[in-house]
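Take a look at the structure below.
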Amino acid sequence: MRIDGDRLLRRLAELGAIGAIEGTEGCARLALTDEDRDGRDLVVTWMRELGLDIEVDGIGNVIATMPWPDDTPPVMCGSHIDTVRTGGRYDGNLGVLAGLEIIETVLAEGAELARPLSVAFFTDEEGARFPPDMLGSLVYVGGMPLEEALTIEGIDGAIVGDELDRIGYAGSAPLPGRVPHSFVELHIEQGPVLEADGVTIGAVTGVQGISWQEVVVTGQSNHAGTTPISHRRDPGLVAARCTAFVRDLADELGHPQVATVGRIEFHPNLVNVVPASATFTVDLRNTDEAVLQESERRFAEFLGAAAEAEGCTVETRRLARFEPVIFDDMVIDLVESSAQDLGFSVQRMPSGAGHDAQMLARVCPTAMVFTPSKDGISHNPAEHTDPADLEAGANVMLRTMLALATEA
Ligand code: GLV
Ligand code: MN
Ligand code: MN
């Protein structure tokens, strides 16, 4: 049995046209915006056309399951269809549309299954508008109470619960959600490893730990021409020193430590005014929890000292914190053997990005399938994966899911 690669590509293009960034393959569908709603509506239409049982829960996760006579836990796949503001059309979307393609193939060809297949798209995986990332799947597995998630405020001041109501995706399916038999997620690698190694499939062994915080440094706003340097309390300088420090820290701790200041805002943000405040985010990640904690501690020490030296005060707010996750050996083995059976080169690797699968791993056997990313570029409209690799990944998923759905 094989999926229909052209049909998968057509759906990726159709979904990618919603929120399309002109002149690129990329899209902007931040979670719970009008564009996200339009993308959701399209995918739900496709789910309906396949005759699937569709559930929407209170955080807006959508789960579509093959019709089945009882409530046998399904082999679930899925991912997300929200994107960062300058995203690609594959990140997340591939895992959802490949799931749809796999179910359509199995329904058309027929197979003796012991349990149904289902495909989900989880709300706000990116966390780019509403932190933390993987919000929908976190609530699905009971990692955050729904009531708490609904009150989260976004970078634009919007509230999760209000936006879910507004776009019509505050559903009634119970949370935490039903525990699947197992979970597999197909995703583009979003990094350079598979392409560099000339390998088609990654059998993902786990996800590195993620630490996000927001820092607000407050100083003294003043005239840029008249205020001698010795008199300044400049939060912009503290933010700049912190930005440089986290890079130096990552260099010192070495691979796989990464560190990013991805958002920074000065207030009042004017050419001739020493800023009153600087607000910035820090994203630290490592596969080793102890080293990740060390990076957090070292950054906190530096921040305190840099602010004090400049006469500024500091407040920090935790946006996300997830420990490294190790996937299930049985499912990793199945991904690897499915790729080998289909004649694709395969290697084991950890994930640098966060994924919904890391939340599902808390409740059921879970692993992921990676496909190569051109030039290792993602979270960028230039994100691209060759059609042959997309199809290969979806066929590895199909084989893996069939194996999981037929075992005793
Ligand atoms: C979320 O997808 C992340 O890895 O930032
Ligand atoms: Mn993703
Ligand atoms: Mn992403």
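The values are calculated or read from the model by the stated rules, or taken from the named source; none is laboratory data. Predicted model only: the values in this text are computed from it and were never measured. All Cβ positions, even for glycine, are placed from backbone atoms using ideal geometry, and neighbour counts span all protein chains on display.
Taking into account only those residues within the stretch 92-109 that are within 13 Å of ligand 1 (Cβ to nearest atom) and touching a strand residue (DSSP E or B) at 6+ places or on another chain (Cβ under 6 Å), which is farthest from A353 (Cα to Cα)? So, considering only residues that are within 13 Å of ligand 1 (Cβ to nearest atom) and touching a strand residue (DSSP E or B) at 6+ places or on another chain (Cβ under 6 Å), the one farthest from A353 (Cα to Cα) is G95. Of the conditions (1) out of contact with any helix residue (DSSP H, G or I) (no Cβ under 8 Å at 6 or more places or on another chain); (2) under 18 Å from I54 (Cβ atoms), E147 fails just one. Which one is it? Going through the list (1) out of contact with any helix residue (DSSP H, G or I) (no Cβ under 8 Å at 6 or more places or on another chain); (2) under 18 Å from I54 (Cβ atoms), E147 breaks only (2). Selection of the stretch 70-99 for residues being of a type in the set (G, A, S) and over 20 Å from D386 (Cα atoms) yields only G78.
For D251, which of the numbered conditions (1) more than 20 Å from the chain's Cα centre (by Cα); (2) touching a residue at least 12 places away in the same chain (Cβ under 8 Å) fails to hold? D251 satisfies every listed condition except (2). Does I81 meet the test of being out of contact with any Lys or Arg (no Cβ under 6 Å at 6 or more places or on another chain), away from ligand 2 (no atom under 16 Å from the Cβ) and in the same structural domain as P132 (by TED's automatic domain parsing)? So I81 does not fit the description; no. Residue count for the stretch 203-220 under the criterion of being away from ligand 3 (no atom under 16 Å from the Cβ) and assigned to a strand (DSSP E or B): the result is 11. Residues satisfying the criterion are absent from the stretch 282-289 (criterion: modelled with pLDDT of 95 or more, surrounded by 19 or more Cβ atoms within 10 Å (Cβ to Cβ) and more than 24 Å from the chain's Cα centre (by Cα)). Quick check on my filter: what residues within the stretch 264-281 are of a type outside the set (A, V, I, L, M, F, W, C) and without any contact (Cβ under 8 Å) to a residue 60 or more places away in the chain? Scanning the stretch 264-281 gives E265, H267, P268, N269, N272, P275.
With a requirement of 3 or more residues that are surrounded by 19 or more Cβ atoms within 10 Å (Cβ to Cβ), the strands (runs of 3 or more DSSP E) lying completely within the stretch 1-87 that satisfy it span 62-65, 75-79. Do any residues in the stretch 206-232 that are free of Cβ contacts under 8 Å to residues at least 12 places away in the same chain have Cβ atoms under 8 Å from those of residues that are away from ligand 2 (no atom under 16 Å from the Cβ), where the two are at least six apart or on different chains, and which pairs are they? Close Cβ pairs satisfying both conditions: H231/N222. Consider the stretch 124-145 and keep the residues that are over 9 Å from the mean Cα position of the chain (by Cα), of a type in the set (G, A, S) and in a loop (DSSP other than H, G, I, E, B). The one that is farthest from ligand 3 (Cβ to nearest atom) is G142.
Filtered by the rule that a residue be outside any strand (DSSP E or B) and within 15 Å of ligand 1 (Cβ to nearest atom), the stretch 175-198 gives E189, Q190, G191.
Screening the stretch 272-368 for strands (runs of 3 or more DSSP E) wholly inside it with 3 or more residues that are among the β-branched types (V, I, T) and in contact with a strand residue (DSSP E or B) (Cβ under 8 Å, 6 or more places away or on another chain) returns the ranges 277-286, 313-322. Scanning the stretch 155-174 for any residue that is assigned by TED's automatic domain parsing to the domain that holds D41, surrounded by 20 or more Cβ atoms within 10 Å (Cβ to Cβ) and polar (S, T, N, Q) turns up nothing. Among residues of the stretch 88-107 that are outside the structural domain of C77 (by TED's automatic domain parsing) and aromatic (F, W, Y), none has a Cβ under 8 angstrom from a residue that is assigned to a loop (DSSP other than H, G, I, E, B) and modelled with pLDDT of 95 or more at a sequence gap of 6+ or on a separate chain.
Rundown of residues vs (1) acidic (D, E); (2) outside the structural domain of I81 (by TED's automatic domain parsing); (3) buried (at least 21 other Cβ atoms within 10 Å of the Cβ); (4) within 14 Å of ligand 1 (Cβ to nearest atom), yes/no style:
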position: F302; (1), (2), (3), (4): no, yes, no, no
position: T316; (1), (2), (3), (4): no, yes, no, no
position: V331; (1), (2), (3), (4): no, no, yes, no
position: Q340; (1), (2), (3), (4): no, no, no, no
position: S351; (1), (2), (3), (4): no, no, yes, yes
position: A361; (1), (2), (3), (4): no, no, yes, no
position: H379; (1), (2), (3), (4): no, no, no, yes
position: A388; (1), (2), (3), (4): no, no, no, no
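Filter the stretch 88-123 down to residues that are assigned to a helix (DSSP H, G or I) and among the acidic types (D, E) and give me whichever is farthest from ligand 2 (Cβ to nearest atom). Checking each candidate, the answer is E109.
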